[in-house]
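K.L.:
The structure under discussion is supplied below as structure tokens; questions concerning it will follow.
Values in this text are rule-based calculations from the coordinates and carry no lab data. The model shown is predicted, which means the values in this text are computed figures rather than measured ones. Cβ placement follows ideal geometry from the backbone for every residue including glycine, while neighbour counts extend to all protein chains displayed.
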Amino acid sequence: MLKTGFKPRVRNAVMLHKTVSQVSQELHACIGCNECLLACPAVTESITIDVLNRETLSGPISAPVARFSRACYQCGACVAPCPVGLHRDAMMMWLKVRMLRAGWGE
Amino acid sequence: MAVINQRERNNGETGYSLLFFAGNAWFKRFLVIFVGVVIGVVFYVWYSQHSSDVSPDSIAGYSYAIIGTLFLLFAAFLYTLKRRSHKKRIVGQLHTSLNWHICFGVLGLVFLFLHSFGNFNPRTGTYALYGMIALAISGFVGRFLDRLAPRLITGEVHKSLTVIGEDRIETISQKLQAIVVHNTQDLHSFAVVPGETSQNASTSLVPLSGPVSSDFSFIHKDQALQTPWDLAYISLEATPQELSLEANHYRFVPDRKSELARPGALMPGAQEHISELQEVERAMQRELFYRYIILYWRKFHIALALLTLALTIWHLVYAGQLLIPVLLHR
């Protein structure tokens, strides 16, 4: 097979948010490899990907995940390393919206 | 007791306020910056009082220049290399590297500022220093934007999604579609069945199939065929375009003073949904705008870093041209 060396530039792509059903699909497609968290410059604490996935969609949000969600600045560094092409930034955005709706956001 | 406190702490963090507390991970780096600045300034004051040669090309000036350049190189390359390398990385390590990047950047700027010894002549070194100051300011503004813009994006996304998290535009569009279908059905009831009245040719309205609501949905039957081709031909009989004065007609297009002339009067609720739709579209545009701010500010910071690097190299070449002949003739 001929290698052209072409690599699509997804790192700097700007995209809008996703709906909760799309986020849910992506969460179910996550293979839990942790690459997104390793590439993230915002996460300060050791968070496991299964805890993050579990708390993203619904249910209570623990303090480390809440701190990570607030610290996430949507740089998109987590998107490029994902081996299955998921958008962790969109998942984090849904988590942020949940937090905004849950508490003293407005 | 400790377990309870931990549990309370874990369960107590909800919400996403505009000025949220980002944690105390920066405290160690702030301490390092403080100690570094204090050492640099104390040495600067001591050297200024005990030496007659207070210039950028004095021993102290060169020391400041070398230390400051090293700090800036650390700031530039440690974080970049750490970001690109994937070896033995642990979760949270990049954030630590980012904090050190800020720490070294600030220390480098302070030491290079001290290296100037108050000489701000319009030369290469001054331009390089201005570049560094702009770079540091852009970095701090970028960190501020990194906190503010995602919070603003979240507010806009909150407007764009329904309570259950689905697309609000789709929901509103479905409601609008339902209104349009409803109104089309209502208008069908106004259509007069052909052959029902006398002179029915003028009022027989034929609705088009499908949910359409504009005036184009009704056409005058056989209108084109009954129009006389000869313009000189005049008849006193009513033409198909004229309405009979005797027949009862529904006045579909009201005059300006009528209540029906009000926008949305014929489609109750539609105007509200349309303005809601426009509001969501504006929210999405603002979301995109904030995302572009995050993206392009980062690019701007990198461009400034490259410019500063070029100015620094220019200054080093200039300083080398002055310094090397002096060193060679000693």
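K.L.:
Please report the equivalent ellipsoid semi-axes of the range B:19-177, computed as sqrt(5 x eigenvalue) of the Cα gyration tensor, largest first, in whole Å. Provide the component values of the computation, followed by the final result.
P.N.:
Numbers: eigenvalues 415, 65, 41 Å².
Semi-axes from the Cα gyration tensor: 46, 18, 14 Å.
K.L.:
While we're on this one: Sum up the charges of everything whose Cβ sits under 15 Å from the Cβ of B:HIS301, counting Lys and Arg as +1 and Asp and Glu as -1, but leave B:HIS301 out.
P.N.:
+3
K.L.:
What's the average, rounded to a whole number, of partner chain beta-carbon atoms within 10 Å of each residue's beta-carbon in B:86-95?
P.N.:
Taking all residues of B:86-95 together, the mean is 6.
K.L.:
Alpha carbon centre of the range A:58-106 versus the range B:111-141: separation in Å?
P.N.:
Their Cα centres are 38 Å away from one another.
K.L.:
Round to the nearest 0.05 the FRET efficiency obtained for B:ASP57 and A:SER46 when R0 = 41 Å and r is the Cβ-Cβ distance.
P.N.:
0.25
K.L.:
OK, next. With charges only on Cβ, +1 for K and R and -1 for D and E, what is the dipole size of the range A:20-102 about its Cα centre, in debye, rounded to 20? If you can, show how the numbers build up before the last one.
P.N.:
Details: 7 positive and 6 negative charges, 65 e Å.
In debye, rounded to 20, the range A:20-102 gives about 320.
K.L.:
Calculate the FRET efficiency for B:LYS88 and B:ILE164 from the Cβ-Cβ distance with a Förster distance of 56 Å, rounded to the nearest 0.05.
P.N.:
0.85
K.L.:
Another question, then. Measure off 7 Å from each Cα along the Cα-to-Cβ vector at B:SER48 and B:ILE324, then give the distance between these two points in nanometres to one decimal.
P.N.:
Simple spin-label model gives 3.4 nm for this pair.
K.L.:
If you don't mind, another one. Arrange the following residues from fewest to most other Cβ atoms within 10 Å of their Cβ: B:LYS82, B:LYS88.
P.N.:
By the 10 Å Cβ count, ascending: B:LYS88, B:LYS82.
K.L.:
When Cβ neighbours within 10 Å are restricted to other protein chains, what is their mean count per residue of peptide A:18-30?
P.N.:
Per-residue shielding by partner chains comes out at 2.
K.L.:
Divide, for the range A:20-102, the radius of gyration over alpha carbons by 2.2 N^0.38 Å, where N is the residue count.
P.N.:
Ratio of Rg to 2.2 N^0.38 Å for the range A:20-102: 0.96.
K.L.:
Treating only the Cα positions of the range B:23-77 as identical point scatterers, give the base-10 log of I(q)/I(0) from the Debye formula at each q in 0.13, 0.19, 0.20 Å⁻¹.
P.N.:
Normalising to I(0) and taking log10 leaves -0.43, -0.77, -0.82.
K.L.:
So how do A:ASP50, B:ASP146 line up by other beta-carbon neighbours within 10 Å, fewest first?
P.N.:
Exposure proxy ranking, most exposed first: A:ASP50, B:ASP146.
K.L.:
Within a 10 angstrom radius of each residue's Cβ in B:292-302, how many Cβ atoms of other chains show up on average? Whole number is fine.
P.N.:
Mean partner shielding for this stretch: 2.
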